[in-house]
Every structure is written in structure tokens, then in C-alpha cells.
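Engineer: This is the structure I have questions about; it appears just below.
The values are calculated or read from the model by the stated rules, or taken from the named source; none is laboratory data. Treat the numbers as computed from the prediction; the structure is a model and nothing was measured. Backbone-built Cβ (ideal geometry, glycine too); neighbour counts: all protein chains shown. Accessible surface is based on the protein model in full, side chains and every heavy atom, while ligands, DNA and RNA are left aside. Shrake-Rupley method; radii C 1.70, N 1.55, O 1.52, S 1.80 Å.
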Amino acid sequence: MTYAVLSDLHCHNWSMFSRVNSDGVNNRLRNTLNEMLRAAAELVKAGGKYMVIPGDIFHVRGSIDPEVLNPTQETIRQILDMGITIYAIPGNHDLKGKETTELGSAIQTLAQTFSEKGSFQVINEPKLFNTPDDEYTFAFVPWRTSHEALLSDLGQIASAAGNGVDQVDVFIHAGIDDVLPGMPEHGLSDTKLAKFGFRRVMAGDYHNHKIMQGGVISVGATTHQSWRDVGSKAGFLLVTSDKVRFMDTHAPKFVDVSGRDEDEIKLLCDGNYVRFRGSQMTSEDVQELRTFFETHGALGTSIQVPPAQASQRQGTAPVQSGQTLDQSVTAYVDKVELAPHVDRAEVKRQAADVLNKARSVYEEA
Ligand SMILES: [Mn+2]
């Protein structure tokens with residue numbers, strides 16, 4: 001028997017590289033919803049009926065946009081009508097406040113909409129249960145702000161499972177060290193998660209699919225969403241008792257072609273959003289490069305080079321700090337003094353969100 005896992009959908013009215021489809025829906029939101037439907041179709045094809053979403057169905061914290069909610073709800077209705085049961089936990093993006101509460105959870109509204117069907121289940125407390133057909137033992141721990149709380153919840157579930165712990169697949173929303181290259185470690189390692197002895201620990205939050213030791217798995221996001229996702233594996237999982245099959249996203253990816261040769265670039269452009277960073281170029285050369293990307297199928301382009309003329313006028317070499325803006329912000333957050341109750345990893349996440357938001361405006365200009 002097979003079940004499906006999708007995480008970090010981040011349903012949103014995206015601005016960068018987006019347009020409005022004829023039905024009024026943001027095309028990038030539609031791409032995500034189509035991937036959800038594809039996962040449901042693959043699940044049914046494999047004879048399965050459970051879909052698990054370990055967090056971040058929505059993107060914007062603390063408010064729901066009707067142009068996002070309505071098509072998302074309609075997609076979920078279609079999936080439930082296929083005979084699928086969805087189990088979901090709120091991720092940090094689904095929550096208005098820092099902790100998981102029903103009141104502050106955007107996905108609670110989906111649970112209420114589909115309460116009669118009973119087939120969209122939101123889990124707001126740590127929980128261990130068998131699926132109705134006794135095929136699986138699932139456990140869930142919704143978003144926790146501290147690792148201590150998360151690990152303590154997992155410990156309690158493991159002892160409740162007793163000897164059967166090695167048959168339990170547990171779902172959390174927490175970034176695991178070494179999943180995102182360049183993201184500093186923050187103390188939640190695969191070793192710590194593996195030691196409970198669960199069959200699998202599957203985590204949403206960090207947007208990169210990775211299988212680690214001891215059944216610990218970062219699910220990854222369902223689609224690429226921004227330049228932060230360059231190089232990450234996005235898609236969904238089809239899971240059986242002994243196998244985890246990664247299904248690569250069919251939605252456009254954010255790819256960086258800087259330093260690649262022409263043949264590689266041709267292969268990377270098709271159907272994707274394409275970024276190039278390099279040394280100074282004239283505006284004519286930039287336009288030529290853009291046309292080259294588009295000719296080979298790029299759906300959007302971002303060419304980030306210093307303008308050739310401006311720097312000649314200055315007569316000085318451009319300042320090269322050797323650090324990206326993201327690295328510099330991360331380094332700053334590492335150094336800056338924070339109040340004791342403030343979670344440094346959360347500050348980094350939010351700073352990255354702000355940078356990303358600013359970029360989406362800048363890229364469009
Ligand atoms: Mn997320």
C-alpha cells in the first residue's frame with residue numbers, strides 16, 4: 001500500500017514571474033494546485049488513499065487571501081472526492097502566532113469546510129493513531145517553536161508506541177540540520193531524530209528533499225517558489241512500507257545558469273525561471289542574453305550584472321565583498337544581541353522572507 005506526502009505548498013498570489021489566468025487565478029498558484037492534483041492522481045493509480053501534508057499549505061502568516069483560499073479549497077475538494085483522506089498539521093506559515101493554536105491556524109478553516117466529509121483532518125496536538133483501515137500507524141507533532149518541546153513530544157509518542165515504535169511514521173514541521181546548504185546548523189540533527197526508533201521521521205519546513213540516516217527524511221517543498229530554491233529538490237513522495245519514491249515537480253524551477261557553458265544553459269532554460277549573475281555588461285548584451293534564454297524556453301529571466309558604462313565612468317573596480325546579501329544578513333543575525341526568548345533561527349527565516357519579498361518587487365521592476 002502506498003501513501004503520498006506533500007509539504008510546504010505555500011499557496012500564494014505570487015508576484016514574481018506571475019500572471020493572472022483566464023479564470024482569474026494566479027498562474028503560479030495554479031501550478032502548485034496542479035501538482036497537488038497530480039500527486040492525488042498518482043496516489044490513486046498506486047492504489048492508495050492517504051495524503052499527508054506536514055505543514056505550510058499557505059504562505060502568508062496570519063491572513064487568508066480569498067483569491068488563494070477559494071481555488072485551494074476547490075482543489076482539496078476535488079482530491080477528497082477522489083476518495084482520498086488528507087492528514088495535515090499547521091506549519092509556521094499557516095499560523096498567526098508563534099505556537100500552534102486552532103484559533104490562529106489558517107488551515108483550520110479548511111478542516112471546518114470539510115468537517116462533514118471527515119476526510120480533511122487537521123492535527124493540532126501531538127497524536128499517534130492507526131489509519132481507519134489499520135494499514136499504517138501515523139504520528140504527528142504540529143509546529144513547535146522550540147526543539148525541546150518537539151523532542152519531548154516525540155519522546156512521549158515513542159513511549160506510547162512501545163514495541164511498535166519501529167512501525168510508526170511520524171510527521172513534523174521542523175528544519176533539520178544539513179538539509180539546506182548554507183543554512184547554519186541549529187541543533188536539530190538527523191541523529192537526534194533517528195534515536196527514537198520510528199520507522200520514519202518526515203519533516204516539512206526546509207525546502208529541499210533529502211533522505212538522511214535512520215529513516216529521517218526532509219520532504220521538501222512541492223514546487224520551487226523563489227531564488228532561495230535554486231538547486232533544491234522539490235516534488236512529492238509516494239511511500240510504501242519499504243520504499244520512498246521521490247516524484248520531481250513538473251512546475252517551473254528557479255535555476256541559476258551563471259558560469260555554465262552554452263549547451264548546459266540551453267538545457268536548463270526550458271520551462272524554468274532563469275537567473276544569471278556575472279560581471280559588467282552593456283544593456284545591449286543583457287538584452288541579447290535575455291533573448292537567448294527566452295528562445296530556449298525560459299519563462300522568466302533575471303540578469304543581475306553591474307552596468308558596464310556606469311562603472312567605467314567611476315573608473316574604479318566594483319566592490320567585491322565575496323559575500324552574497326543573504327550570507328551577510330545571516331552573519332549579522334549570528335552576531336547581533338537578541339533577547340533571550342527570541343529564536344535566532346526564526347529571525348533568520350523572517351529576514352530571508354523579507355529579502356525575498358524585496359527581491360520579488362525588485363525583479364519585477
Ligand atoms: Mn515552508
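Engineer: Could you give the length gained on full extension between F129 and E284, defined as 0.36 nm per residue of separation minus the Cα-Cα distance, in nm?
Structural biologist: Length gained, F129 through E284: 49.6 nm.
Engineer: For the peptides 199-205, 22-28, what is the packing order when you average, over each peptide's residues, the other Cβ atoms within 10 Å and list the highest mean first?
Structural biologist: On the way: 199-205: 24.0, 22-28: 14.1.
Per-residue Cβ counts within 10 Å, averaged per peptide and sorted highest first, yield 199-205, 22-28.
Engineer: Arrange the residues H250, H209 by how much accessible surface each exposes, largest first, with a 1.4 angstrom probe.
Structural biologist: The most accessible residue leads, giving H250, H209.
Engineer: Given 0.36 nm per residue, what is the gain on full extension from A149 to R260 after removing their alpha carbon distance, in nm?
Structural biologist: Length gained, A149 through R260: 35.5 nm.
Engineer: Sorted by average packing, counted as other Cβ atoms within 10 angstrom per residue and highest first, what order do 176-186, 75-85 take? Provide the component values of the computation, followed by the final result.
Structural biologist: Values: 176-186: 15.5, 75-85: 17.4.
My ranking of the peptides, most packed first, is 75-85, 176-186.
Engineer: Pop out the ³J(HN,Hα) list for the stretch 55-71 in order, Karplus 6.51 cos²θ - 1.76 cosθ + 1.60 with θ = phi - 60°, rounded to Hz; leave Gly and Pro as x.
Structural biologist: Values per residue, Gly and Pro as x: x, 6, 6, 9, 9, 7, 6, x, 8, 10, 8, x, 6, 9, 4, 4, x Hz.
Engineer: Right, here's the next one. From the phi angles alone, apply the Karplus equation (6.51, -1.76, 1.60; θ = phi - 60°) to the stretch 228-234 and give each ³J(HN,Hα) in whole Hz, x where the residue is Gly or Pro.
Structural biologist: Taking θ as phi minus 60°, the curve returns 5, 8, 3, x, 8, 8, 10 Hz for the stretch 228-234.
Engineer: Same structure, new question: Mind listing the long-range amide H neighbours of V216? Cut-off is under 5 Å, sequence gap 5 or more, other chains count too, H placed in the peptide plane at 1.01 Å from N.
Structural biologist: Close amide H contacts, sequence-distant or interchain: V201.
Engineer: A further question on this structure: Karplus couplings for the stretch 132-148 from phi (6.51 cos²θ - 1.76 cosθ + 1.60, θ = phi - 60°), rounded to Hz, Gly and Pro as x?
Structural biologist: x, 8, 6, 6, 10, 10, 10, 9, 9, 10, x, 3, 10, 6, 10, 5, 4
Engineer: For the stretch 3-248, with all protein chains present and a 1.4 Å probe, just round the carbon and sulfur fraction of the accessible area to a whole percent. Intermediate results must be reported in sequence, preceding the final value.
Structural biologist: Details: 4540 of 9580 Å².
With neighbouring chains kept in place, the figure for the stretch 3-248 is 47 percent.
Engineer: While we're looking at this one, here's another question. Would you mind putting 32-41, 287-296 in packing order, based on average other-beta-carbon counts within 10 Å, highest first?
Structural biologist: Output ranking for 32-41, 287-296: 32-41, 287-296.
Engineer: K266: which lysines have alpha carbons under 23 Å from its alpha carbon, excluding same-chain residues fewer than 8 sequence positions away?
Structural biologist: Filter leaves K233, K253.
Engineer: Can you pull out the trypsin sites (Lys or Arg not before Pro) in the stretch 230-282 that DSSP calls coil and that have at most 14 other Cβ atoms within 10 Å? Don't jump to the answer; show the numbers that get you there.
Structural biologist: Working: sites: K233, K243, R245, K253, R260, K266, R275, R277; in loops: K233, K243, K253, R260.
Counting only loop positions with at most 14 other Cβ atoms within 10 Å, the trypsin sites (Lys or Arg not before Pro) in the stretch 230-282 are K243, R260.
Engineer: Could you give the length gained by full extension between Q78 and Q156, i.e. 0.36 nm per residue of separation minus their alpha carbon distance, to one decimal place? Kindly include the intermediate steps, with their values, before the conclusion.
Structural biologist: Numbers: separation 78, 0.36 × 78 = 28.08 nm, distance 3.58 nm.
Gain on stretching Q78 to Q156: 24.5 nm.
Engineer: Largest first, what is the accessible-area ranking of Y50, Y332 with a 1.4 Å probe?
Structural biologist: Output order, biggest surface exposure first: Y332, Y50.
Engineer: Nothing charged except the Cβ atoms of Lys and Arg (+1) and of Asp and Glu (-1): what's the magnitude of the dipole of the stretch 3-248 about its Cα centre? Round to the nearest 20 debye. Display every interim value, and only then the final one.
Structural biologist: Working: 22 positive and 29 negative charges, 69 e Å.
The dipole of the stretch 3-248 has a size of about 340 debye.
Engineer: Taking a probe of 1.4 angstrom, what is the accessible area of S189 in Å², to the nearest 10?
Structural biologist: Only protein atoms counted, so the area is about 30 Å².
Engineer: On to the next question. Given 25 °C and 0.890 mPa s, compute D for the stretch 130-242 with the Stokes-Einstein relation, Rh being the Kirkwood radius over Cα pairs; round to the nearest whole µm²/s.
Structural biologist: Numbers: Rh = 14.6 Å.
Here the translational diffusion coefficient equals 168 µm²/s.
Engineer: Hey, can you grab everything whose amide H is under 5 Å from the amide H of I303? Only 5+ residues off in sequence or another chain; H modelled, so Pro and N-termini drop out.
Structural biologist: F276
Engineer: Leaving out ligands and nucleic acids, note down the accessible area per residue over the stretch 3-248 with a 1.4 angstrom probe, in whole Å².
Structural biologist: For the stretch 3-248, the per-residue accessible area is 39 Å².
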